[in-house]
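Report on the following structure.
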Amino acid sequence: MITHRPYGVEHPYATSPDQRVPVLPLAGETVRFGVLAADVDAVTCEFDGSSLPMTRASVSTSDAAALAGGEGHLSAAQAGALEGEGGWTVESPVLLAGRTYRYRFHTGDVITDWFEVSPAEWTSEPVGTVTGSVGDVEWLVSAAGVHRARFTMPLANGEHVVGFGERYEAVDQRGRRLDAVVFEQYKGQGRHGRTYLPMPFAHVVGGSGWGFHVRTSRRTWYDVGVSTPDKLTVEVALGDKPTVDVAVYHGDPTAVLTAFLDEVGRAEELPSWVLRLWASGNEWNTQDIVMSRMDTHYALDIPLGAVVIEAWSDEEGITIFRDASYEVTADGSPVPDFAYAGAWPSPREMIDELHSRGIKVILWQIPLLKTDPSLGEQVRADASAMVRDGHAVLEADGTPYHNRGWWFPKALMPDLSVARTREWWTAKRRYLVEDLDVDGFKTDGGEHAWGHDLRYADGRRGDEGNNLFPVHYARAFGDLLRSAGKAPVTFSRAGFTGSQAHGIFWAGDEDSTWEAFRSSVTAGLTAAACGIVYWGWDLAGFSGPVPDAELYLRATAASTFMPIMQYHSEFNHHRTPIRDRTPWHVASVTGDERVVPVFRRFALLRERLVSYLAEQARLAVTTDRPLMRPLFFDNTDPEVWQHPLQYQLGDDLLVNPVTSPSASTWTTYLPSGEWIDVWTGVPVSPGLVTREVPIDVVPVYCRAEAWTRLTHLFIAE
């Protein structure tokens, strides 16, 4: 058997061994054809009347790592699997403009169908339309149609470009290239320039003040003054019609953001409990472990507002507490009743007890359904119902789509683009809210749709619908919670334009490093610039060995002054040593006796800050001035761009996280106005200010006019 998929697996940043590279070649280029053909001695490519012998191929280390989601054991396993699949490759002659070439492959008596490839050229001929104030429009055209549009927008000296969703590598994207496609980059997002939460929107700050929004959910690419220093070049993937709609907004950053949010939707105010400390650990996989962690919080006087329980289910259907017994519903309808035992003997009693302590409960989710035949009867019945009743995302040929990524591989994906499937998917989880009184859901994942020609029930194909999948996903669980009389508390990693209206977001998977700390602060600021109000990160990172005490406490201090404060840890394959990020475990591992008292001090401060944070979140929702506010929103002084990790927390506090190790002093730029150092109560003049930063201090300054109102938050405990 010979396998050739012209588009391959459609990983956005890597090629698979059975694809054409590039998928859409330019005239004057060659193209590399790849196939998989195991256990054969030779493969030939028939191309345009010629026979081209193919050679054996292997997957590059970088592609293997990308296909497996990052670095480490996953990439090694993926590379090994791919290398064993029998890859063959050949390069074509140079392709000529205006031609359509046919090609196929054969080995022995096995011959594939014919495929076609038409090289493309950029042309300035008006073969389509771009609405909006843009210039230098070009179109990528082949014999098969019009594939992309490319246009420029002017950049003046001194202008800065901020936005494009949640970005980890820089606040100001001028001088960089990037794209907008939802993608699960497992760690190192800043190094790779990839994001879970892109948006085709940006501010242009520093001149007259403007911004833009490419009104599309297809993939877009940006050259922000790299090729041409005074131009922003935008490239847009097209559908059946060669049209692009670009909104251009004018005004200061708040005016630009307001205009954008008027189109795409804005956050709604969430209850104040979401602003308290959240706790989580991936290996908290029994009721006893969860309650033990909560008991220790209480014993150490470290207040807590929410616990996120990730390992509550069996990762099959993510609907039922592990070890529960029940009657299988063969038609895939919701299970009506359960008997609890084993790891989770009494979930309702546990949740009631946590509520009595003032702790809300969030349960983990993923929008996939495993299909391994060895799974339990209920998940197999659910999978059958998903396919039978038309609830699955489909391939172009009408067969169910199976996840092509590395996490939950080959799982089915519910088509959440339409209400009937959103309701079907969440009906199986309704009892968690209505009977067990769960308060919210960690809507993890959402980046699993790969394929330009997938079919969604709302009429979109994959190229247009894939980026919208995480928006529908968060909406589904928000609607479930609302329908049960609860606030729509979802905690998502992935998103796109429109996600602003759907709950809380966190920065995703990261190592416990100083680099990741800085990248995460950058992510929070860029997300905020695009209208994400409720945002946080896994303080000090969640992956790898337990962070040292300095990194942990500096991250704790910074997180105290972010919209969402939470710690979380990745599992260590259920081996010792455990990697909990609880303060007492970090203290035990590091041997640093400062960890618990300093963490407690900040957790208690966070409790006092809740009223201020709730007030400022309400203002952010109603005025569009970000809660975690980049300095350029309120200040036109060019100096603010030299301090990209500083930000305001609401109207009255300015925060400058200590993001490098071994710091004894830290310098902050204070914009015009009078300020108060919140730790000393001493007035500070604007400009560059250097202060000492012992481990229990993060530079925070309050506007002088608000100090009387906020003094009580910072007085000696």
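Taking segment 342-371, which residues are of a type in the set (D, E, K, R) and over 18 Å from residue 322 (Cα atoms)?
Within segment 342-371, 352, 353, 357, 360 meet the criteria.
Test residue 27 against the stated conditions and say whether it is within 23 Å of residue 405 (Cβ to Cβ), touching a Gly at 6+ places or on another chain (Cβ under 9 Å) and touching a residue at least 24 places away in the same chain (Cβ under 8 Å).
In short, no.
Looking for whichever is within 25 Å of the chain's Cα centre (by Cα), closer than 29 Å to residue 403 by Cα and modelled with pLDDT of 90 or more here; the options are 12, 6, 17, 22. Which one fits? Before the answer, list the steps.
On the way: 6 fails: within 25 Å of the chain's Cα centre (by Cα); 17 fails: within 25 Å of the chain's Cα centre (by Cα); 22 fails: within 25 Å of the chain's Cα centre (by Cα).
That would be 12, the only listed residue that is within 25 Å of the chain's Cα centre (by Cα), closer than 29 Å to residue 403 by Cα and modelled with pLDDT of 90 or more.
Across segment 342-369, what is the total count of residues that are part of a loop (DSSP other than H, G, I, E, B), open to solvent by less than 50 Å² (accessible area, probe 1.4 Å) and either farther than 17 Å from residue 391 by Cβ or in contact with an Asp or Glu (Cβ under 7 Å, 6 or more places away or on another chain) (or both)?
The qualifying residues number 6.
Condition test on residue 158, is it open to solvent by 10 Å² or more (accessible area, probe 1.4 Å) and either in a strand (DSSP E or B) or in contact (Cβ under 8 Å) with a residue 40 or more places away in the chain (or both)?
yes
Answer yes or no: is there a residue in segment 313-324 that is farther than 18 Å from residue 289 by Cβ and aliphatic (A, V, I, L, M). Steps first, answer last, please.
To start, the set of residues in segment 313-324 that are farther than 18 Å from residue 289 by Cβ comprises 316-320.
Next, from what is left, pick out any that are aliphatic (A, V, I, L, M): 318, 320.
Within segment 313-324, one or more residues are farther than 18 Å from residue 289 by Cβ and aliphatic (A, V, I, L, M).
Pull up segment 161-195, narrow it to residues that are out of contact with any Ser or Thr (no Cβ under 8 Å at 6 or more places or on another chain) and assigned to a strand (DSSP E or B), then point me to the one that is surrounded by the fewest Cβ atoms within 10 Å (Cβ to Cβ).
177
I'd like to verify a number: residues in segment 370-392 that are in contact with a Leu (Cβ under 9 Å, 6 or more places away or on another chain), over 26 Å from residue 280 (Cβ atoms) and open to solvent by 50 Å² or more (accessible area, probe 1.4 Å), how many?
2
Every residue in segment 99-146 that is modelled with pLDDT under 95 and within 20 Å of residue 23 (Cα to Cα), please.
none
Where residues in segment 489-499 are under 15 Å from residue 564 (Cβ atoms) and over 13 Å from the mean Cα position of the chain (by Cα), which of them is surrounded by the fewest Cβ atoms within 10 Å (Cβ to Cβ)?
Checked segment 489-499; the qualifying residue surrounded by the fewest Cβ atoms within 10 Å (Cβ to Cβ) is 489.
Looking at (1) open to solvent by 30 Å² or more (accessible area, probe 1.4 Å); (2) under 21 Å from residue 312 (Cβ atoms); (3) of a type outside the set (A, V, I, L, M), find the lone condition where residue 473 falls short.
(1)
For segment 200-236, give me each residue that is small (Gly, Ala, Ser), at pLDDT 95 or above and farther than 16 Å from residue 135 by Cβ. Please lay out each step first, then the result.
Initially, segment 200-236 is screened for residues small (Gly, Ala, Ser), giving 202, 206-209, 211, 217, 225, 227.
Cutting the leftovers down to at pLDDT 95 or above gives us 202, 206, 209, 211, 217, 225, 227.
Across segment 200-236, the qualifying residues are 202, 206, 209, 211, 217.
Quick one: is residue 149 under 25 Å from residue 250 (Cβ atoms), at pLDDT 95 or above and open to solvent by 10 Å² or more (accessible area, probe 1.4 Å)?
Spelling it out, it is not the case that residue 149 is under 25 Å from residue 250 (Cβ atoms), at pLDDT 95 or above and open to solvent by 10 Å² or more (accessible area, probe 1.4 Å).
For segment 685-698, which positions are open to solvent by 20 Å² or more (accessible area, probe 1.4 Å) and β-branched (Val, Ile, Thr)?
689, 690, 695
For (1) under 28 Å from residue 177 (Cα atoms); (2) touching a Phe, Trp or Tyr at 6+ places or on another chain (Cβ under 6 Å), each residue gets a yes or a no:
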{"site": "1", "(1), (2)": "no, no"}
{"site": "8", "(1), (2)": "yes, no"}
{"site": "11", "(1), (2)": "yes, no"}
{"site": "15", "(1), (2)": "yes, no"}
{"site": "23", "(1), (2)": "yes, yes"}
{"site": "31", "(1), (2)": "yes, no"}
{"site": "36", "(1), (2)": "no, no"}
{"site": "40", "(1), (2)": "no, no"}
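Using beta carbons and a limit of 6 Å, which pairs, at least six apart or on different chains, have the first residue in segment 364-379 and at pLDDT 95 or above and the second one small (Gly, Ala, Ser) and not in a loop (DSSP other than H, G, I, E, B)?
369/383
For the structure I just gave you, tell me whether residue 657 is open to solvent by 40 Å² or more (accessible area, probe 1.4 Å) and either assigned to a loop (DSSP other than H, G, I, E, B) or under 22 Å from residue 528 (Cβ atoms) (or both). Give the derivation first.
Values: open to solvent by 40 Å² or more (accessible area, probe 1.4 Å): no; either assigned to a loop (DSSP other than H, G, I, E, B) or under 22 Å from residue 528 (Cβ atoms) (or both): yes.
It is false that residue 657 is open to solvent by 40 Å² or more (accessible area, probe 1.4 Å) and either assigned to a loop (DSSP other than H, G, I, E, B) or under 22 Å from residue 528 (Cβ atoms) (or both).
Can you list the helices (runs of 4 or more DSSP H) found entirely within segment 527-637 that contain at least 3 residues being open to solvent by 10 Å² or more (accessible area, probe 1.4 Å) and touching a residue at least 12 places away in the same chain (Cβ under 8 Å)?
Once the helices (runs of 4 or more DSSP H) in segment 527-637 are filtered for at least 3 residues that are open to solvent by 10 Å² or more (accessible area, probe 1.4 Å) and touching a residue at least 12 places away in the same chain (Cβ under 8 Å), what remains is 583-590, 595-623.
Any chance you could count how many residues in segment 227-238 are surrounded by 16 or more Cβ atoms within 10 Å (Cβ to Cβ) and either under 25 Å from the mean Cα position of the chain (by Cα) or assigned to a loop (DSSP other than H, G, I, E, B) (or both)?
So the count comes out to 7.
Which of (1) free of Cβ contacts under 8 Å to residues at least 60 places away in the same chain; (2) within 34 Å of the chain's Cα centre (by Cα); (3) surrounded by 14 or more Cβ atoms within 10 Å (Cβ to Cβ) does residue 132 not meet, given it meets every other one?
(1)
Residue 289 passes all but one of (1) surrounded by 19 or more Cβ atoms within 10 Å (Cβ to Cβ); (2) farther than 26 Å from residue 633 by Cβ; (3) of a type in the set (A, V, I, L, M, F, W, C); which number fails?
Going through (1) surrounded by 19 or more Cβ atoms within 10 Å (Cβ to Cβ); (2) farther than 26 Å from residue 633 by Cβ; (3) of a type in the set (A, V, I, L, M, F, W, C) one by one, residue 289 breaks only (1).
In segment 84-129, what count of residues is obtained for those that are among the hydroxyl-bearing types (Ser, Thr, Tyr), part of a loop (DSSP other than H, G, I, E, B) and open to solvent by 40 Å² or more (accessible area, probe 1.4 Å)?
At the first step, the residues of segment 84-129 found to be among the hydroxyl-bearing types (Ser, Thr, Tyr) are 89, 92, 100-101, 103, 107, 112, 118, 123-124, 129.
Remaining after also requiring part of a loop (DSSP other than H, G, I, E, B): 92, 100, 112, 118, 124.
Subsequent filtering for residues that are open to solvent by 40 Å² or more (accessible area, probe 1.4 Å) retains 100, 124.
Selection size over segment 84-129: 2.
Restricting the search to segment 510-526, which residues are open to solvent by 10 Å² or more (accessible area, probe 1.4 Å) and of a type in the set (A, V, I, L, M)?
none
The values are calculated or read from the model by the stated rules, or taken from the named source; none is laboratory data. Keep in mind that what you see is a predicted model, and the values were worked out from it rather than measured. Cβ coordinates were reconstructed from backbone atoms using ideal geometry, including for glycine residues, and neighbour counts include every protein chain displayed. Surface areas here come from the heavy atoms of the whole protein model, side chains and all, with no ligands, DNA or RNA. Shrake-Rupley method; radii C 1.70, N 1.55, O 1.52, S 1.80 Å.
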